[in-house]
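Chemist: If you scroll down you'll find the structure; I have some questions about it.
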Amino acid sequence: MFHKQGRALSRIGTVMLTSTLLVGGGLMTAGSASATTPGGSGVTAHLLPGLSHGQPVTIDAPGHQEFGQAGLFAIQASDGSNLPVYCIDLLNGTRDNARYQETDWGSSSLAGAAGPKIKWILEHSYPNVSPGQLATDASAKGTQLDGLTADEAAAGTQVAVWSFSDPNVPVHQQDAKAEQLTQYLIDQAQGATDGEPKASLTLNPGSVSGKSGDRLGPITVDTTAAHVDLGLDPVAAKAGLVLTDAAGNVVKSVKGGDAIFAKAPAGAAPGTGTITATSSVEIPVGRVFTGADEDGNHSQTLILAGAKSVSVSATATVTWAPTGPIPAVTAKVDCAHGAVVVTVTNNGDQDFVFTLAGQTVTVKPKGTQSIPVKVAEGQKYDIVVTGPNGFKQEFKSVLNCKTTSSTGTPTSSPTPGTGHSATPSPSATGTPGGGLAFTGGGGETPLLAGIAGALVIAGGGAVFALRRRGRHSRTSG
């Protein structure tokens with residue numbers, strides 16, 4: 001699993017898009033000089049070092065061949081729970097101090113047709129199914145896997161997943177039983193059509209606004225949890241904000257699918273508060289995790305391989321004022337078009353005029369406008385919305401929509417470094433730079449070996465020894 005880092009810089013686009021994943025809902029108080037920081041929705045985590053189980057494989061990467069291991073590894077959620085994951089981003093690697101966020105398929109490389117097939121594999125293979133039961137299931141379909149081990153099961157499952165996430169990058173296994181398992185899983189997954197698993201917890205939309213005294217919303221609680229606890233930040237509580245259901249009853253906890261509303265006292269001075277939803281929920285197999293390091297550089301995309309109960313949270317912001325423009329600003333990623341869509345709603349009684357990347361936009365009272373911002377694959381973006389009286393809302397992240405194998409971008413040799421990635425930082429011009437790196441979770445230092453031109457890098461997750469051979473350019477659709 002490897003990482004390609006350099007990308008072209010963000011730029012503004014004009015095509016109309018369909019929104020998919022909520023990036024953030026934080027916005028500032030009307031007339032305030034600083035924006036609040038958007039909170040994440042669902043599970044956040046970081047990568048743990050080393051493979052749990054796995055075996056050696058050979059990979060025909062673009063331009064050369066690589067040798068290493070494939071298998072199961074783990075991420076640790078913010079509550080300390082360890083979650084088993086596989087890679088769905090074969091030619092990318094992890095980044096030091098990368099933070100992972102649960103996200104939707106539409107905001108990742110699973111936006112295409114591969115999702116249902118990969119989900120079937122995860123639900124019907126290791127670790128969801130024990131090696132013994134997996135061998136029994138395969139035998140019933142004519143594939144003999146007697147004595148299948150956890151290492152064989154993990155390696156065979158990972159390669160089967162790669163066959164759909166990175167279909168044009170051939171992976172060869174040295175273990176015959178693991179290879180048989182891979183083919184069995186590929187064959188059985190072909191007809192899979194199950195949809196995307198539900199998010200663990202989100203508040204949608206992530207931002208609402210309106211006049212003091214009015215009910216603001218609705219905000220839908222999307223979750224697989226039995227119940228969700230609600231809370232307000234000190235600013236909202238001090239201002240007298242209350243949360244209600246559709247009938248106007250004050251609520252402190254809700255269930256999935258419920259709609260909640262926020263209400264500030266009539267005539268209350270302009271303000272912005274944050275709603276926090278928390279719960280303990282079993283996150284379903286097949287949820288995707290995209291990651292970036294502290295500098296916003298893309299880290300390898302992962303997929304959950306085993307359901308487990310974890311603590312989750314989500315936030316939404318509420319802006320109120322007695323009169324004037326009262327904006328709510330959100331941003332959503334649309335991987336189908338490689339863009340971030342900024343949506344501004346004005347629930348006040350005066351025009352809201354804002355600036356986004358050099359464009360001046362006016363949103364009429366009770367109106368909404370969506371502006372797509374084109375972002376290059378793998379590129380960090382910093383999108384700023386500014387308005388009157390010091391209004392400023394900023395959205396920062398990195399676009400994680402494709403695997404390197406689907407971009408068709410040739411890779412270059414890695415250079416030694418520290419941490420999970422041996423790939424150089426992107427060039428200042430934003431042109432493709434760096435090369436291949438490895439998954440990992442520890443602080444292992446890459447080791448340069450001068451045997452036959454091989455470069456051996458020790459990481460975790462999947463560890464590969466790279467050897468330059470002939471060039472094999474490949475792309476995937």
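Chemist: Strictly over 21 Å apart at the Cα level, which of 117/332; 141/308; 198/255; 332/396; 141/198 would you flag in this model?
Modeler: Among 117/332; 141/308; 198/255; 332/396; 141/198, the Cα-Cα distance tops 21 Å for 117/332; 141/308; 141/198.
Chemist: Packing-wise, with mean Cβ within 10 Å as the measure, how do 360-368, 97-105, 44-52 rank, highest first?
Modeler: The densest-packed peptide leads the list: 97-105, 44-52, 360-368.
Chemist: Next up: Given the peptides 242-248, 149-155, arrange them by the average over their residues of other C-beta atoms within 10 Å, most packed first.
Modeler: Highest to lowest by the protection proxy: 149-155, 242-248.
Chemist: Continuing with this model, one more query. In what sequence, highest mean first, do 266-276, 205-215 appear when ranked by Cβ atoms within 10 angstrom?
Modeler: Answer by packing, highest mean first, reads 205-215, 266-276.
Chemist: Can you tell me the length gained on complete extension of the stretch residue 136 to residue 396, counting 0.36 nm per residue apart and subtracting the Cα distance?
Modeler: Taking residue 136 through residue 396 to full extension adds about 88.8 nm, to one decimal.
Chemist: For the stretch 164-307, just say rounded, prolate or oblate: build the C-alpha gyration tensor, square-root its eigenvalues into a ≥ b ≥ c, call rounded for a/c under 1.5, and beyond that prolate if a/b exceeds b/c, oblate if not.
Modeler: Verdict is prolate for the stretch 164-307.
Chemist: Could you compute the FRET efficiency for residue 311 and residue 350, with r as their C-beta to C-beta distance and R0 at 41 Å, rounded to 0.05?
Modeler: 0.45
Bear in mind these aren't lab numbers, they're just calculated from the coordinates by the rules spelled out. Treat the numbers as computed from the prediction; the structure is a model and nothing was measured. Cβ sites come from the backbone with ideal geometry, for glycine too, and all protein chains shown count toward neighbours.
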